[in-house]
């Protein structure tokens, strides 16, 4: 489709879609006038049933636990896809490029300090995810982002342990597989998939929620490794050639 | 009575789609797709909002205190994860397209393959 035709289609298309949106919005309850019932029901039930004070995580890992497993495997599939597309290429490609290193010591120091801070925040989000706002998914992304700062503020060599596929691949498997194992363990014991077998613990402590603790950490490991693997594939494809070139010079 | 958050969501979606259609760069296109997708976060969160409601976290808060819908918040989390997965794949495809055709302009890539 040529650019001109596309623009001609786009105008009426956007107008039509906008009209449909307006129609849909007119049928929605006004902002703040939530009608329920699921939100009200869960806000009442999740804490007594699972002893997790963060109802969002209780919803994610209990009420829609199977969905969350699917979500984890969406991320897993994306990593596999990116790896298939890029990993092969990294060996074939040897383009000469110039690299720019950060020369300002203050910026580098601040960056490295942020790595530690970011990792702590990430771990806190993971560990207390089912008690206070947070969770394995959010913590995993923050932790992986903090590690990536090591690459931006430090050097390529500082970052290299965190892009080692021999470590990340099995860990990613442990994270994604761990979730399934918890579900299957419940099946093997004669209950439904992902039924909680570990009691409920004390509300508001790290030992609350039973299986949610394990599911949360499995998700945290899977997400951290998935993000690091994604970064590693992109970095390997486009950064490796210039780093070896610089090392040789 | 306010519908502003819904209108904002619709607007973000339309702007994102317009960006995708007019894009001359695959990376820009991927960002526009993220913009369009983020409209669903705004929509989900505003649909579940309860007036004077707190976050659905009951640490030190009595059960039964008005709180917003946790279901849409959980769905938003899924939405963000899917968005990250999709953006990763699209960027990888963009790298591949650049390697094969030497350009990241979607119009020119079409010329090469046609």
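In whole Å, what is the distance between the alpha-carbon centres of the stretch A:210-236 and the stretch A:137-182?
6 Å
I need the calculated FRET efficiency for the pair residue B:105 and residue A:84, taking r as the beta carbon distance and R₀ as 35 Å, to the nearest 0.05. The partial results should precede the final answer.
Values: r = 25 Å, r/R0 = 0.71.
Between residue B:105 and residue A:84 the formula returns 0.90.
Between helix A:3-26 and chain A, what is the angle of the helix's C-alpha long axis to the longest principal axis, kept within 0 to 90° and rounded to the nearest 10?
That works out to roughly 20 degrees.
Which one of A:228, A:84, A:75 has the biggest mean-square fluctuation once chain A is modelled by GNM with Cα springs under 10 Å?
Judging by the Gaussian network model, the answer is A:84.
Counting only other chains, what is the mean number of Cβ atoms within 10 angstrom of the Cβ of each residue in peptide A:49-62?
Counting other chains' Cβ atoms within 10 Å and averaging over A:49-62 gives 5.
Against the longest alpha carbon principal axis of chain A, how many degrees, from 0 to 90 and to the nearest 10, is the axis of helix A:211-238 turned?
Helix A:211-238 sits roughly 20 degrees off the main axis of chain A.
In deg cm²/dmol, rounded to 500, what helix-only [θ] at 222 nm does chain A give when every DSSP H run of at least 4 residues adds -39500 (n - 2.57) and the total is split over its residues?
-23500 deg cm²/dmol
May I ask for the Rg/Rh ratio of the stretch A:20-84, computed from Cα atoms with Rh as the Kirkwood radius, given to two decimals?
1.17
Sort the following peptides by mean Cβ neighbour count (other Cβ atoms within 10 Å, averaged over residues), highest first: A:182-193, A:163-174. Mind showing how you got there, number by number?
Values: A:182-193: 13.4, A:163-174: 15.1.
Going by the mean number of other Cβ atoms within 10 Å, highest first, we get A:163-174, A:182-193.
Along each of the three principal axes of the Cα atoms of the stretch A:36-248, give the extent in whole Å, ordering the values from largest to smallest.
Ordered largest first, the stretch A:36-248 gives principal extents of 62, 38, 30 Å.
Between 0 and 90 degrees, rounded to the nearest ten: what's the tilt of helix A:136-153 against the longest Cα principal axis of chain A?
20 degrees
Could you list log10 I(q)/I(0) for chain B at q = 0.18, 0.22 Å⁻¹, which the Debye formula gives when each Cα is one point scatterer?
-0.93, -1.14
Highest first, please rank the peptides A:122-133, A:107-118 by the mean number of other Cβ atoms sitting within 10 Å of their residues.
For the peptides A:122-133, A:107-118, the packing ranking is A:122-133, A:107-118.
What residue among B:57, B:90, B:20 has the largest mean-square fluctuation in a Gaussian network model of chain B, using Cα springs under 10 Å?
Highest fluctuation of the listed residues: B:57.
What is the percent of Cα-Cα separations in the stretch B:31-72 that go past 10 Å?
The proportion of pairs with Cα distances above 10 Å equals 72 percent.
What number in nm² do you get for the protein assembly as shown if you take the convex hull of its Cα atoms and divide its surface by four? Don't skip to the end; give the middle numbers.
Values: hull surface 88.2 nm².
Result: 22.1 nm².
Top mean-square fluctuation among B:95, B:43, B:63, Gaussian network model of chain B, C-alpha springs under 10 Å?
Between B:95, B:43, B:63, it is B:63 that shows the largest mean-square fluctuation.
In Å, what Kirkwood hydrodynamic radius results for the stretch A:2-44 from the alpha-carbon pair distances?
For the stretch A:2-44, the Kirkwood estimate is 13.4 Å.
Relative to a virtual label point 7 Å from the Cα of residue A:108 in the Cα→beta-carbon direction, which members of the stretch A:160-189 show backbone nitrogen distances below 19 Å?
Under 19 Å, as judged by backbone N against the label point of residue A:108, lie A:160-162 of the stretch A:160-189.
I'd like the distance between the alpha-carbon centres of the stretch A:5-64 and the stretch B:1-52, rounded to an integer number of Å.
So the separation of the two Cα centres works out to 13 Å.
Bear in mind these aren't lab numbers, they're just calculated from the coordinates by the rules spelled out. As the structure is a prediction and not an experimental result, all values here were calculated from the model. FYI the Cβ positions are ideal-geometry reconstructions off the backbone, even for glycines, and counts take in every protein chain you see.
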